[in-house]
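Enquirer: Got a structure here, written out as structure tokens. Questions coming.
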Amino acid sequence: MSSMGRGKVILLGEHAVVYGVPAIAAGLGRGVSASASPANETTLECSPWGTRHGLASDEDLGRALSAVVAAHPSAPLPPLRVSADVALPAGAGLGCSAALGVAVIRALDAAVAHVASDAEVAERALAWEQVFHGNASGLDNTMAAHGGVASYVRGEPLEALDVRRPLRLVIGNSDESSSTRTMVESVARQRERDPERFAKNLDAIATLVKNARLALEAGDTRALGQLMDLNQALLSAWFLSTTALEDMCRAARDAGAAGAKLTGAGGGGCMIALVESDETSAAVIAALEALGFSAFEAEAG
Ligand code: PMV
């Protein structure tokens, strides 16, 4: 049996969330699956990366594995071979490391018949995330374990939203790497330079997020798409978009997406486009691939 950890996207409100505005995050139907079986020593193998780490490895994956094995509620665990199948791009803002952590934890649990709630898994996955992100916010590991759609206010527990219907997203990868810290710092500098303009932008994003929540609860995909487009414009005003992200958003909208925006830190990473039908989904993916980007559809929420 294989155990799953989900990827995540931020639907609206990234960066503004740093200044107290709620963000809306969604767990993806795609992520990482893993299974564990008895072995002579404990290892983690990840495909398609072709990596293999043991408990003594001083690389991040080995240290993260050690952290969750040592802190397991049934420790000491017997030696286990954990195999993970990663179906998300890494380092693209889709919560790949948290999805892997949750999948590994669930695989360990299944191997030793430990029954854990989603909340317990999310909490244990924070120790995994700290290895990769130092000061992890708690968003990725929580979404990886729970899925669904949630409103997230910094420093507060996630609030699950009652979404009328699952969302269909096409995710396009710009293949440009960016650092979340650098992007957050560049927004902070803009705030220092022109606090008034910054506050106006922040207020506008807060209004979009409020309306997006209503649209999600009402199942109004069209309205949600328009709010995503507007959020994208405000994120570009903070210089968080790139030519690749803009090209992807335009191509997705031209191919019939209800809305499109960058997701997460920006400066690279991924674009999300809201689609309503198989035809639109295929058209958006084809349009992105024609521009040379990789793209896939994932159900969210
Ligand atoms: O791309 P991610 O998952 O690292 O999201 C970053 C979200 C920010 O709002 C830009 C930063 C943060 O800490 O909330």
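Enquirer: Please verify whether region 82-92 includes one or more residues that are farther than 30 Å from residue 272 by Cα, of a type outside the set (A, V, I, L, M, F, W, C) and in the same structural domain as residue 127 (by TED's automatic domain parsing).
Expert: No, region 82-92 contains no residue that is farther than 30 Å from residue 272 by Cα, of a type outside the set (A, V, I, L, M, F, W, C) and in the same structural domain as residue 127 (by TED's automatic domain parsing).
Enquirer: Let me ask something else about it. State all residues of region 112-157 that are at pLDDT 95 or above, within 15 Å of the ligand (Cβ to nearest atom) and not in a helix (DSSP H, G or I); if no residue qualifies, say none.
Expert: 150, 151
Enquirer: Quick one: residue 167 ticks every box in (1) more than 17 Å from residue 240 (Cβ to Cβ); (2) out of contact with any Gly (no Cβ under 6 Å at 6 or more places or on another chain); (3) open to solvent by less than 30 Å² (accessible area, probe 1.4 Å) bar one, so which box is it?
Expert: Of everything listed in (1) more than 17 Å from residue 240 (Cβ to Cβ); (2) out of contact with any Gly (no Cβ under 6 Å at 6 or more places or on another chain); (3) open to solvent by less than 30 Å² (accessible area, probe 1.4 Å), residue 167 misses just condition (2).
Enquirer: Only residues in region 123-140 that are closer than 15 Å to residue 69 by Cβ count as the first member; pair them with residues that are within 12 Å of the ligand (Cβ to nearest atom) and outside any loop (DSSP other than H, G, I, E, B), Cβ under 7 angstrom, at least 6 apart or cross-chain, and list the lot.
Expert: 125/98; 125/141; 125/144
Enquirer: Residue 94: farther than 17 Å from residue 61 by Cα, in contact with a Cys (Cβ under 7 Å, 6 or more places away or on another chain) and open to solvent by less than 40 Å² (accessible area, probe 1.4 Å), yes or no?
Expert: yes
Enquirer: Taking region 15-36 only, how many residues are within 10 Å of the ligand (Cβ to nearest atom) and either under 21 Å from residue 97 (Cα atoms) or surrounded by fewer than 24 Cβ atoms within 10 Å (Cβ to Cβ) (or both)?
Expert: 7
The values are calculated or read from the model by the stated rules, or taken from the named source; none is laboratory data. Keep in mind that this is a model prediction, so the values were computed, not measured. Positions of Cβ are backbone-derived with ideal geometry, glycine not excepted, and every protein chain shown enters the neighbour counts. Only protein heavy atoms, including side chains, enter the accessible area calculation; ligands, DNA and RNA are left aside. Shrake-Rupley method; radii C 1.70, N 1.55, O 1.52, S 1.80 Å.
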